[in-house]
Structure formats: C-alpha cells, structure tokens
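Right, one structure below, let's go through it.
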Number of protein chains: 4
Amino acid sequence: MRDSAGGARVFDLEQPRTAEMPVYPSHRPGYSYLLHRHHEDEYDPEEGGPRTSASGVIICMEHTGTHIDALCHQSDALRLYGGIPVDGRVQTSRGFTRLGVEEIPPIVARGVLLDVASARGVDCLEPGYAVTVSDLEECCARQGVAVEPGSVVLVRTGNARHWNDPDRYLAGPGISADASRWLAGARPLAVGADNMAWDVPGVKDPELGCTLPGHLLLLARYGIYIIENLMLEELAAAGVHRFRFVCTPLKLVGATGSPVRPVAVESW
Amino acid sequence: MRDSAGGARVFDLEQPRTAEMPVYPSHRPGYSYLLHRHHEDEYDPEEGGPRTSASGVIICMEHTGTHIDALCHQSDALRLYGGIPVDGRVQTSRGFTRLGVEEIPPIVARGVLLDVASARGVDCLEPGYAVTVSDLEECCARQGVAVEPGSVVLVRTGNARHWNDPDRYLAGPGISADASRWLAGARPLAVGADNMAWDVPGVKDPELGCTLPGHLLLLARYGIYIIENLMLEELAAAGVHRFRFVCTPLKLVGATGSPVRPVAVESW
Amino acid sequence: MRDSAGGARVFDLEQPRTAEMPVYPSHRPGYSYLLHRHHEDEYDPEEGGPRTSASGVIICMEHTGTHIDALCHQSDALRLYGGIPVDGRVQTSRGFTRLGVEEIPPIVARGVLLDVASARGVDCLEPGYAVTVSDLEECCARQGVAVEPGSVVLVRTGNARHWNDPDRYLAGPGISADASRWLAGARPLAVGADNMAWDVPGVKDPELGCTLPGHLLLLARYGIYIIENLMLEELAAAGVHRFRFVCTPLKLVGATGSPVRPVAVESW
Amino acid sequence: MRDSAGGARVFDLEQPRTAEMPVYPSHRPGYSYLLHRHHEDEYDPEEGGPRTSASGVIICMEHTGTHIDALCHQSDALRLYGGIPVDGRVQTSRGFTRLGVEEIPPIVARGVLLDVASARGVDCLEPGYAVTVSDLEECCARQGVAVEPGSVVLVRTGNARHWNDPDRYLAGPGISADASRWLAGARPLAVGADNMAWDVPGVKDPELGCTLPGHLLLLARYGIYIIENLMLEELAAAGVHRFRFVCTPLKLVGATGSPVRPVAVESW
C-alpha cells in the first residue's frame, strides 16, 4: 500500500494474530481473543438510542505472533544486559523494574533486508538450516547493502509462508550463533527474522553451552533487540532491500516483550 | 528523541501501561501483566548453560490504555459502517468477520495537533467540558493548520497529565457531538484525543438519543477511526502542530480495537 | 480413601486439571495455571521475616475438566428452561441473570452408578458408541438399582481411562438421545458421565434436528444438570453402585457451568 | 436447605463470586467472568435445530473468594512444609511439583464452629481485632465442643456480613498468632474463618518477625490447611456448632490454592 500522504510504499511486516497461529511450547496457551460484549446486549432504542458497543478480551503471552524481545527477556548466568543481577528488586511477579519493554524507544531507523532465501535460490530455507556468516556476507554483496550501526537488519529465510502450518513453521530454519555474533559486531539497534525464535530451535551451541545462542549474545551481551515472526514476503517480492523501518513496541511496563506491527517505508 | 537515522524528532504518544491505569467500567478488569517464567526457574549451568528466559502473560481488554477503535466497535441500530447488519455471520464469540481491527492498514499519514487547551490558556480543560466547533476553528486559525482529507487530527484537552489519577482522568473533558460532526465532514482518516472516550463521558446527546455521540458518528456513520488515551503533552510543549503520524494497530483478527503506540515524526 | 471421621470410603470423581487435558474445540484455549508470585520474590529475612508467599492465576473456560452444566448453558429455540426468553435482561456480557450456575444448590443426594462398560464386558465402550435404553435397563437389573427422583445417576462408559490421550478421549462413546429421554423421565436431580459431552460428539439427532440432543433434553427441557468428565474407574473397581453423592458447584455468578470435584461417599 | 435424600440440613458456606468481591492487593485483578459465546451466535433452526449453547471464560487468582490454601502457598525461610527447599524442581512457572492443591484429599470430616462474635455479644468483631486463645477457650466451653485431631475448626468473627463492602471487609478482624498456635497444637486437618486472610491483615508479629503469622505456623510449620472468606452467618444463626464438614478443593495441578464451596451437613 501507499501511505495516505501519497508517496512512499508502506510494507506491513506483521503476521495476522489468531488462536491458531504457531506457538512455542513455553508460550502456551498462546493467544486468544474472546468477544463478550455483543452489540445486541445493550440495544434499547427507547432508552439508549441507536448506538451499541461490542468489545472483548485479549489473553496472550507476549512472545506470540510478531513481537519484539526486551533485554530483560534473557539472562547470562542470572545477569541481565549491563551486568544487572537478577534479584527481587529487578524481577517481580508483575515484571521487571529494569530493561522492561517500555524502555525500548519507538524505533524509526534505517532498515535493510538480507534476503538469504532468494540468494540461495529457494522459496524457503529447509527446516533446521542455520544461516551462516557467508550467507549474510553474500547477501550484502549481492544486494549492495551494509549493516550500519543503529540500523535494523531483517533476515529472510522464507519461513513466513508457512505461518498457517504451525508444525512446519516451528520446525523452520534459523540464524547460526556465528551469524548472530557477526551481526552483533556491526552494532545494529535491532535484528529480526521470519521465524519463531531467530535461532534454530532446539540446537545447543557447543561453545556457549546453551540453546538459542543468538538470544544470549544479542539480548544479554550486546543489548540488541530481536524481532520475531516477521512477514517478509511482500517486501522481498517487491525487491525492496533498504527502507525506513518503523516499529513501536507497546509500553507494557515490566514486560519481557511486546507484540508489534512493524512497517518498512520505501524511499522515506 | 531523535530517530536513529539522525534527523527528525520522534514524539511518543502512548501512555505507559500498568494495572493501575484508568479503566472505563465496561472494560474492567482492564489490564494486567503477570510474569510467571522467572529466570531462576530454569537456571542450570551444568545442563543448560548460562542462558535463561523470563516471560509472562498479558490479560487486557482491547479498549484500555492508548488504543484505536475498529469500525466494528460501534453499531448504529445494529448496523455496522456501510450498513452491514450485526448478525451471527458478522459477530461471533471470537470476534467480527467484517470491519475487525485487522482491516485497519498501518497508518502513515499527515497529522495535525489541535491544541485546544493551549488556545484556551489552560493546562487542562475542566472536567465535563465539551470541545466546540468554535474551539477547533480557532485552533486551526491560530496554528495555521487545516484538517485535510486522509489526515489524522489529534485534539489536545490537556487531560493526559492526569493519567496517574484515574478518577480525575475518567471525569475529564471531551469532544462535543457538533465538533465530531464538523471533523467528520473534513473526512480525516482518523481522529484522536487525550481522554478515555473521545466524547464527554456519560452525557446523552439530545439529537442522536445516545451517549458517546462521536462514536456513533465517526465509527458507524463515517468510517473514521478514533484513537484514545493519547499522550500529547510533549508534542504540545514542543509546539509541533504538523507532523507525520504513524500508528500501527495490531492485526488482532476480529477484535474491536487494538492497543497502539502512535508516534509523531517532525519534518518528515 | 476413608473419611477422616473414620468410617466411610470416599471416592474422588474428579480428573486432574492440567493445561494438557482434553478440551472441546469450542472451549479452547481450555485451562491454564500460571504461577507469577514466586517465593523468592519477597524473601527478605531482615525486613519481612521468614514467611514468603507464592500464588498464580487460573485462566479457564468453565466447561473444561470435570464440571457441571448450569441450566442457562443451553437454549431450546432461544428459550431457557422454564420458557425464559434469551434476551438482554437475561444474557449479558458478564453472564446470565437467571439460571446461572450459582443457582445450583450444594448437591448432597443419593447416587447410583450404572456401569455400562462392565455390563458389556469391556474396559471402555468403543468410540462413537451410543449407550441405549436397554444398556441402562440391564445395568439397573444387573446391579439391583433404580433411578429415583431427586437422585444423581452416573453412567460409566470406561472412557475416563483415556484422559491422558486427548484425541482418543474426545472421540469417545456417549449417551443416546433415547437414553437421555429415558433418564429424564425418572426425574433425577442430575446425571453425569465419564466423557466430554455426555452425548456422542458430532452426531445430529434426526428427530430433534440438533447435535448433543441430551443437552437440549436434560438442561433446556427437563431442568436436569449434567456433570461431565467424571473419573469413575475407582468407584467401579470397588463395585460401589449406590452411594451418597456430594457435588458443590462454585457460585460463579452468571456462569454457564462450574468446575467441580464430586465425591461418592459409601454407606453414608 | 435439606439434602435431597431428605434428612440433614446442608449449610452453604461459600460467598458468591463476582467481579466486585473483596480482593487483597496482591491478588489483583481478582476474579472475572466474561460470557463470549452467546446463544444467538449459532442459532440456525434450519441447519442446527433448536439447540444453542452459551459459555464463557473465568480469569481468577486462586486466592479470591471462598478458597483453601495449599501447603505450597507459604514458605518458612524458603522451605515448604516438611523442610522441602524451594528450588526449580519444586517451584515452576506452571506451579509446584510438591504440595500443590491437588494433593489435598476431598475433605469429609468432623467440623466445629467456634462462634467468637456471638460469645462476645456482637454482630461482628471490630476491624483489627485479634481473636485470642481465651476467646477460643471460652467458645469451646460455652458451646460444649472441643477441637479434635483431624477435624476442621471454623472461627466466626462476623465479618462475612461485610462481603458487599470490600473496604470494610478487608479491614476486618483476624486470628492472633497465639490463637493459631493453640489451634495448631490440637492438630486439626484444616481451619477456616470468615475473613480475607485468617490473620489480622498488615500486622507484623514481633516474635516471628513477619506478617500473617498464622499462615507461617499453620501451613509451613504444621501442615494444616486454611480456608478463607467463609460465609458462616446462616450456620451461626441456626446454632449449629457440630457438623459434618465437606470441602472438595479442585485438583488444579501445581496451584497454591483452590476456590471451594464448603458445606456443613447437620446430624450426619
């Protein structure tokens, strides 16, 4: 779509949210929307006039659907980014008093798409594939882009097309620990991908000794946000590799992440 | 703040979300965030390495905090915008199949701030005050702005400063039915204000025969979105009256609204 | 177990509640328990002494796990039991103002077990099997029991043993419309079974023109409560066919059902 | 009411559950019931016949309304009853693996009511009043009852009559640490009262160094369950001081408590 002011194309990078969307086991029961106020409930033309309202309730884990991870989401040996110890002053039953998602400013930044799937000539990288440093370097060279400090880097694996097939989606490709480390070295503000967990799910990194090594590196060691479950198909199909990236995490005070609807705005 | 690309100032228009924020009675129990996965839960350096995760659950009504109303939120004698009858094909227990919030595109539009509080020389309009057509016309003249088709109009009453005093906030000022009608005539894409319900709460409009007449007019009759509980103090203090307005409602399929974090970007 | 007063055996008829238990599609996302207050959170021996608390949140549909259906749960052509029309005075977004589950008194009644599975010489009736009037009559004769007015009748299909295999459990046997009608004629206070929906799921009754005919008959036409997902294996194994039945639905004001933990007390 | 089998009077000891009921601050947002499936939603006489369903969702903290505390609810210097250390094997994000509420058997026991309010000649003990050992001893003498091992002791302060006035209710009387210790010495299975927290809220015990000393003593040190927010007015008005007490906590696996509807059955 074009923005209403008439010029730039705006690409919507959020997947639709439904109770059926893919959910990681630790985030069950995922997402639900229930409509309890129905229009008929209060309709009384004599007393209330013609106007009626409907509304519902959202019950969701903050790491479902397209979302951003706050820095408090991960710890490195029970220390948050910046060396903050995880204790009762920082971590409470109602969320974190430091590094919660409300500390992420509205993101209005330069963005680049590294389209690994296209570079490798496939619709979607195979399940379990770990994107390498070479993959990213080749994308940069092929597309004529670089990862700049303060920018946002989106990595396309092609997995977004499997959103409606949760088992296939969850088993998808991811980003290797080395590639996360390479990206972190370039000091982006945030990174993102079109899969559930940025990393390849379930694979323990031999060097770091943990699963989801990119989470440890990016969030807890480098202070770089991760955006997950992006919908990158339209952006890639349009061949748009540089854009203004806008993402505004909700200020859910103390939360470890937020649902988001990022957009890429062309020729800002 | 400045955007990370270096130039434009970005104003954050969202109020922080906490369990204590003001909530309209029909939207109780409002908003809660509960952190159930704590970092210590899984910390096992031998088996799991140094990485741990924390995360929680969000339980909220979609009309709490800074949010946008979808067109299905209101009916006019049991018809939605465009004359769509409210029946079981359109309204279900899991939300609406037409005019749900997921149908709102990412909003990237021209925005204007009509600062009524400043024009009237007060910090905040008094509780129950209904902004008039004259108020809006004077703001436009004073500020040298006009309401253009497809733009977004934000009306400042000054009420945002009472966010931490729920009783005072909920009893705040609002927009009169005439002012809503005047705005609707200019065909903006969306309107917004710094109060709970756009309209003056609890007042029945004699002509339309209902409370919240702006809701009936804007949503059900004109198809214009309403954004509520905006934080407009910084934007007003900076004297920024024209801006690029960006607001990306979450695609909560079938929902009657969405929490949002709108931003105003200066000198786009 | 024996009651603590020393005499009677007490049989626990509730299935355990977990996030993994079988759930009917219309009752998703079922049941969750999330522990957000952890003991460490507040532990401060200097200030707070040795005592700490932990607690969590329950999110559940009322028709999950072992539960009782209130009369308002079902309508017969939009009329509740007793001919009450379903309108906005009776049905609200916060529940029913008539025939809600809080109107069910504590049930302390004579109970009988009709053990159809044993009578037919099987561990569990086959999936889709519909218990007939003959099945019930034979059980009564074989066991030397009768269905008395005001009593509670529990029908055992053997399906309870599949509780940990949700697909198998949900596809289980049920009670035929004729058997429901036969039971209703005897005017029990409540009936119950060891399956998800009393009736055989998904089968449309040719005469009544609807699925779950027992629900229509028992709740909407006869005013007889239905208890679902009972655990009847221990009771059957002990050969106890007559007992004092105690079941205390929570007074969830306006709700269409309640989770319960019924017990059968022998030789009351 | 009389039980349906004809003889004994059955007293309902549960307060009604509504969104407006008193809630302790640490248990906000308390309790909600939202009806999202309305009867009209699916009514289609041609296709679906006359039967329709309605149902909703319950969102509640387990320590709201009339409820029982599980042993895992309290720790004594991070040890649960029996000396079990609070660690990640015992305490998880989904609840406790030891001493959860599902371990409480159905309670069918001898019960006594110690009616302190009546003994002191008042409708309700004053806010902040702490029931003493003498109060309990006098009640036992006056009423001719004793606290027996394995029995359930209900203490009436008269506070139940303030259920609909949450501020007054929450500020009510409680049981002193000495009285809790005296009761614990008699080894009842469970104790209960008609207030929010058994103990006097907010008062730090000088000897134990913590608030809610009865919680520490009864749950963490003696393994005695506590039942809170009982409705004891009818039972007291009837002068019934000995009864069969039945209380069946839901098997919410891992939870720290359960809503309950206890009953007192006279002349069992």
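Tabulated data for the structure shown
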{"item": "Residues of segment A:115-143 satisfying the condition of being touching a residue at least 60 places away in the same chain (Cβ under 8 Å) and under 20 Å from residue A:239 (Cα atoms)", "result": "A:115, A:117, A:118, A:143"}
{"item": "Selection from segment A:17-44 of residues that are buried (at least 19 other Cβ atoms within 10 Å of the Cβ) and closer than 26 Å to residue A:236 by Cα", "result": "A:17, A:18, A:21, A:22, A:23"}
{"item": "Selection within segment C:149-176 - away from chain D (no Cβ under 14 Å) and aromatic (Phe, Trp, Tyr)", "result": "C:169"}
{"item": "Residue in segment B:247-258 that is over 24 Å from residue B:23 (Cα atoms) and buried (at least 23 other Cβ atoms within 10 Å of the Cβ) present", "result": "no"}
{"item": "Those residues of segment D:61-76 which are in a strand (DSSP E or B) and at the interface with chain C (Cβ under 7 Å from one of its Cβ atoms), in sequence order", "result": "D:61, D:74, D:75, D:76"}
{"item": "Residue, nearest to the other protein chains (Cβ to nearest Cβ), within segment C:223-240, restricted to residues that are assigned to a loop (DSSP other than H, G, I, E, B) and touching a residue at least 40 places away in the same chain (Cβ under 8 Å)", "result": "C:231"}
{"item": "Within segment A:177-190, considering residues that are of a type in the set (D, E, K, R) and more than 14 Å from chain B (Cβ to nearest Cβ), the one nearest to residue A:71 (Cα to Cα)", "result": "A:181"}
{"item": "When residues of segment A:77-106 are limited to those that are of a type in the set (D, E, K, R) and within 8 Å of another protein chain (Cβ to nearest Cβ), the one least open to solvent (accessible area, probe 1.4 Å)", "result": "A:102"}
{"item": "Filtered residue count, segment C:61-71, keeping only those that are in contact with a helix residue (DSSP H, G or I) (Cβ under 8 Å, 6 or more places away or on another chain) and open to solvent by less than 10 Å² (accessible area, probe 1.4 Å)", "result": "7"}
{"item": "Which numbered condition residue C:114 fails, given (1) more than 30 Å from residue C:209 (Cβ to Cβ); (2) at pLDDT 95 or above", "result": "(1)"}
{"item": "Which listed residue, of B:184, B:193, B:177, is over 24 Å from residue B:105 (Cα atoms), open to solvent by less than 50 Å² (accessible area, probe 1.4 Å) and free of Cβ contacts under 8 Å to residues at least 60 places away in the same chain", "result": "B:177"}
{"item": "Any hit, segment B:199-219, residues being in a strand (DSSP E or B), farther than 28 Å from residue A:9 by Cβ and among the charged types (D, E, K, R)", "result": "yes"}
{"item": "Subset of segment B:146-162 [open to solvent by less than 10 Å² (accessible area, probe 1.4 Å), hydrophobic (A, V, I, L, M, F, W, C) and touching a helix residue (DSSP H, G or I) at 6+ places or on another chain (Cβ under 9 Å)]", "result": "B:153, B:154, B:155, B:160"}
{"item": "Test: residue in segment C:45-52 that is out of contact with any Pro (no Cβ under 8 Å at 6 or more places or on another chain), charged (D, E, K, R) and within 8 Å of another protein chain (Cβ to nearest Cβ)", "result": "no"}
{"item": "Residues that are assigned to a loop (DSSP other than H, G, I, E, B) and either touching a helix residue (DSSP H, G or I) at 6+ places or on another chain (Cβ under 6 Å) or within 8 Å of chain B (Cβ to nearest Cβ) (or both), drawn from segment A:241-267", "result": "A:241, A:248, A:249, A:250, A:251, A:253, A:254, A:255, A:256, A:260, A:261, A:262"}
{"item": "Residue in segment A:4-42 that is farthest from residue C:19 (Cα to Cα), counting only those that are among the charged types (D, E, K, R) and out of contact with any Ser or Thr (no Cβ under 6 Å at 6 or more places or on another chain)", "result": "A:9"}
{"item": "Which numbered condition residue A:58 misses (of (1) assigned to a strand (DSSP E or B); (2) more than 9 Å from chain B (Cβ to nearest Cβ); (3) out of contact with any helix residue (DSSP H, G or I) (no Cβ under 9 Å at 6 or more places or on another chain); (4) under 27 Å from residue C:33 (Cα atoms))", "result": "(2)"}
{"item": "Pair list, Cβ < 6 Å and 6+ apart or interchain, from segment D:1-20 residues that are closer than 24 Å to residue D:153 by Cβ to residues that are at pLDDT below 75 and buried (at least 20 other Cβ atoms within 10 Å of the Cβ)", "result": "D:10/D:3"}
{"item": "Options C:87, C:123; residue that is assigned to a loop (DSSP other than H, G, I, E, B) and modelled with pLDDT under 95", "result": "C:87"}
{"item": "Members of segment C:134-145 that are surrounded by 15 or more Cβ atoms within 10 Å (Cβ to Cβ) and either more than 21 Å from the chain's Cα centre (by Cα) or within 19 Å of residue C:189 (Cα to Cα) (or both)", "result": "C:136, C:138, C:140, C:143, C:145"}
{"item": "One residue from C:117, C:146, C:109, C:141 being more than 30 Å from residue D:66 (Cβ to Cβ) and either in a loop (DSSP other than H, G, I, E, B) or within 14 Å of chain D (Cβ to nearest Cβ) (or both)", "result": "C:146"}
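The values are calculated or read from the model by the stated rules, or taken from the named source; none is laboratory data. Just so it is clear, the model here is predicted, and its values are computed rather than measured. Reconstructed Cβ throughout: ideal geometry from the backbone, glycine too, with neighbour counts over all protein chains shown. We work out accessible area using only protein heavy atoms, side chains counted, and drop any ligands, DNA or RNA first. Shrake-Rupley method; radii C 1.70, N 1.55, O 1.52, S 1.80 Å.
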